[in-house]
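Please treat every number below as a calculation from the coordinates, not as lab data. As the structure is a computational prediction, the values presented were derived from the model and not from experiment. Glycine gets a Cβ as well: all are built from the backbone with ideal geometry, and neighbour counts include every protein chain shown.
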Amino acid sequence: MSPDHEFSSDWLSRREPADHAARSEALLEPLIAALPASNPLNVIDLGAGHGSNLRWLAPRLQRPQHWRLIDRDPRLLRAAREHARRDPPARILEIETIEADLARSDFPWLMDAALVTASAWFDLVSADWIEHLAEACAAARIAGLFALSVDGRWRFVDARGDRDQDSDDAFVRSSFNAHQRRDKGLGAALGAQAAEALPRILTAHGFSVTTRTSDWVLPAGSASTRALGGMLLDGWRQAADEQRPDQSDRIRHWHERRRARLDLGQLGLEVGHVDVLALPVA
């Protein structure tokens, strides 16, 4: 996971299977029951990237839909359009991509939509940004489904799935979590605190809020764990180095130990995330 706020298409593609496997299906039934009967259903996807959220959610909404994908990165929006042309998502009537800087947005797209969604987004933003979004959602009386906010938990597991601890895991984790709170262009980022702040702020603005864990489970020995886990470890090392340059040798040795065992298939990873459903109260 790169500590930088610009995400590569390769990183997003690598994480997509883990994201889709982790997401909470339990939130779908109350969401679908609460959505208006409009046809098509208008959906807004904030920080849409290359369209992973659309690919998971659209087939599960059970009616025709019109999606607007909002992101500031034209490369990722172009990738989303190209993917949709090659493999059109089920029940989609139209996909519109909008290049916009969400740091300075008043969310004009919400007023004619039934659902706003985002995935792996809220650790990048500030509490003030969430307040602004919650106010706009409350004014529009729009439902929200917000997936895969990291909550600061991660651990290594062995081939049996049991916890495997290294003496420096906690140090690197705390260094990475501190680095996550640097400004990513959307105010002082909440990082792992977003998992708690998002439902709290939405509740304060009158929404009925339900949360579910949506943890990545990456078993030891699989090719996908080696690929995605290797990118995670490299990103954690880079962020920890930037946060604690005085401890670069300690961080490097930790990374070498963990990366070697991951590559040998001796280690897997579990990474904590939270999904949040927010419904307007009648």
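Sorting 126-135, 233-242 by average packing, meaning the other beta carbons within 10 Å per residue, from highest down gives 233-242, 126-135. Using the crude model of +1 on Lys and Arg Cβ and -1 on Asp and Glu Cβ, and no other charge, please compute the dipole size for the chain relative to its Cα centre, in debye to 20. Using Cβ point charges on Lys, Arg, Asp and Glu, the chain gives about 500 debye. From most to least packed by mean Cβ count within 10 Å, the peptides 44-50, 224-230, 171-177 give 44-50, 171-177, 224-230. Taking the longest Cα principal axis of the chain as reference, the axis of helix 169-179 is set at about 40 degrees. The residue among 231, 140, 174 whose Cα reaches farthest toward the positive pole of the charge dipole of the chain, with charges on the beta-carbon of Lys, Arg, Asp and Glu, is 231.
If only the Cβ of Lys and Arg carry +1 and only the Cβ of Asp and Glu carry -1, the dipole of segment 139-202 around its Cα centre is close to 420 debye.
Scalar couplings 3J(HN,Hα) for segment 44-54, obtained by applying the Karplus form with A = 6.51, B = -1.76, C = 1.60 to θ = phi - 60°, are 10, 10, 8, x, 5, x, 9, x, 4, 4, 4 Hz; x denotes Gly and Pro. A helix-only calculation puts the chain at -12500 deg cm²/dmol for mean residue ellipticity at 222 nm, using -39500 (n - 2.57) for each DSSP H run of at least four residues, averaged over all residues.
For the chain, the residue among 117, 28, 222 whose Cα projects farthest onto the positive side of the dipole built from Cβ charges is 222.
Working note: Debye formula, equal point scatterers on the alpha-carbon atoms of segment 9-280, no solvent; log10 I(q)/I(0) at q = 0.07, 0.14 Å⁻¹ is -0.26, -1.01. Helix 223-243 and the longest principal axis of the Cα set of the chain meet at an angle near 80°. Taking other residues whose beta carbon is less than 12 angstrom from the beta carbon of residue 257, and scoring Lys, Arg as +1 and Asp, Glu as -1, yields 0. One Cα centroid belongs to segment 32-88, the other to segment 246-282; the line between them spans 28 Å. Taking the average, over residues, of other Cβ atoms within 10 Å as the packing measure, peptides 25-33, 111-119 rank 111-119, 25-33 from highest down. Is segment 142-200 rounded, prolate or oblate when judged by the Cα gyration tensor, a ≥ b ≥ c being the square roots of its eigenvalues, rounded requiring a/c under 1.5 and prolate requiring a/b larger than b/c? Oblate is the answer for segment 142-200, as a/c is 1.5 or above yet b/c matches or exceeds a/b.
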